[in-house]
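Encoded as structure tokens, the structure appears first; notes follow it.
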Amino acid sequence: MILHTARLFIDGPMRRVLELAAAVRDSGGSLSLDIELRRFIRTTRATVATDWVCPLATVTALLDHVAGLCADGTEAPPREFRQFLERAGAGADAAAYLHSLAEKLRALEQDPQDDYDELPLSRWEIDVRFPQLSGFGVNWVYEGEFATLEESLEAAIDSEHPYCGEFLAPLAAEAQSALVLFPGERAMQDGLSPVVGWATPQALRDLLQAVDDHMQQEHVALP
């Protein structure tokens, strides 16, 4: 049984930061810790909701707090977390390593890198930022059940109607966001299509139109 407090260590921002650090360590030099942490900062700031729930100051405070627990020799961090920390830090002193991550995040936060041309979205960022678009492809496009994207859109919308608000709102928001972040065919091919293979500017505009048409036809409030 996992104690409620264990979630502090094995899920949430602590785990995400250590996952990135471990991926950098495992990459053999192909990834940069600074760049991956800049992407973490950018992802945290991508929506007001995320930044409101867990601002970066909270993440760094958690890192410092757990560093203190490690320095005191407490058994509060579960074994799974200690093993993960050892993998990310390659055997470095746990407290010192966590403090160093906190300091690095604070320093990078002062000069965030939000330019997508200079710092392209990584696969993990796309998975976090565009889960609805990714899921739509898996569920409605790639298996070839429908001959056209229009048919896929109609089937997807019909499957959720009349309780489609929770499905359509984030899907449309991600589509509009992608059109803004990746204006034009080339930008989208370079930035989004490698992960969300069905996404093109026209496909996303068709999606937005289909959502708008459905809402106008089926969900307009009566006078």
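The values are calculated or read from the model by the stated rules, or taken from the named source; none is laboratory data. Keep in mind that what you see is a predicted model, and the values were worked out from it rather than measured. In this analysis, Cβ positions are derived from the backbone assuming ideal geometry, glycine residues included, and neighbour counts consider all displayed protein chains. Surface accessibility is based on the protein's heavy atoms, side chains included, excluding ligands, DNA and RNA. Shrake-Rupley method; radii C 1.70, N 1.55, O 1.52, S 1.80 Å.
Structure above, values below:
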| read-out | value |
| --- | --- |
| Some residue of region 163-175 being open to solvent by less than 50 Å² (accessible area, probe 1.4 Å) and under 20 Å from Asp51 (Cα atoms) | yes |
| Residue under evaluation Arg82, criteria (1) touching a residue at least 60 places away in the same chain (Cβ under 8 Å); (2) open to solvent by 20 Å² or more (accessible area, probe 1.4 Å); (3) part of a helix (DSSP H, G or I); (4) over 17 Å from Glu103 (Cα atoms), criterion not met | (1) |
| Long-range neighbours under 7 Å by Cβ, at least six apart or interchain, first residue farther than 23 Å from Arg79 by Cβ and polar (S, T, N, Q) within region 45-68, second surrounded by 15 or more Cβ atoms within 10 Å (Cβ to Cβ) and at pLDDT 90 or above | Thr50/Thr44; Thr60/Ala102; Thr60/Leu105; Thr60/Arg106 |
| Within region 1-14, considering residues that are part of a helix (DSSP H, G or I) and open to solvent by 80 Å² or more (accessible area, probe 1.4 Å), the one modelled with the lowest pLDDT | His4 |
| Val17 open to solvent by 50 Å² or more (accessible area, probe 1.4 Å) and either within 26 Å of Gln110 (Cβ to Cβ) or hydroxyl-bearing (Ser, Thr, Tyr) (or both) | no |
| Subset tally (residues that are over 22 Å from Glu80 (Cα atoms) and not in a helix (DSSP H, G or I)) for region 15-39 | 5 |
| First in region 100-113 and farther than 15 Å from Ala88 by Cβ, second anywhere and open to solvent by less than 50 Å² (accessible area, probe 1.4 Å) and of a type in the set (S, T, N, Q), Cβ under 6 Å, 6 or more apart | Arg106/Thr60 |
| Answer residue from region 98-143, given it is over 22 Å from Arg15 (Cα atoms) and either among the basic types (Lys, Arg) or in contact with a Phe, Trp or Tyr (Cβ under 6 Å, 6 or more places away or on another chain) (or both) and is least open to solvent (accessible area, probe 1.4 Å) among those | Gly137 |
| Answer residue from region 20-46, given it is of a type in the set (Gly, Ala, Ser) and more than 14 Å from the chain's Cα centre (by Cα) and is most open to solvent (accessible area, probe 1.4 Å) among those | Ser30 |
| Search result, residues across region 40-79 that are closer than 18 Å to Pro112 by Cβ and not in a helix (DSSP H, G or I) | Arg45, Ala46, Thr47, Cys54, Pro55 |
| Which numbered condition Ala95 fails, given (1) within 19 Å of Arg16 (Cα to Cα); (2) surrounded by 19 or more Cβ atoms within 10 Å (Cβ to Cβ) | (2) |
| Any chance Val141 is hydrophobic (A, V, I, L, M, F, W, C) and in contact with a helix residue (DSSP H, G or I) (Cβ under 6 Å, 6 or more places away or on another chain) | yes |
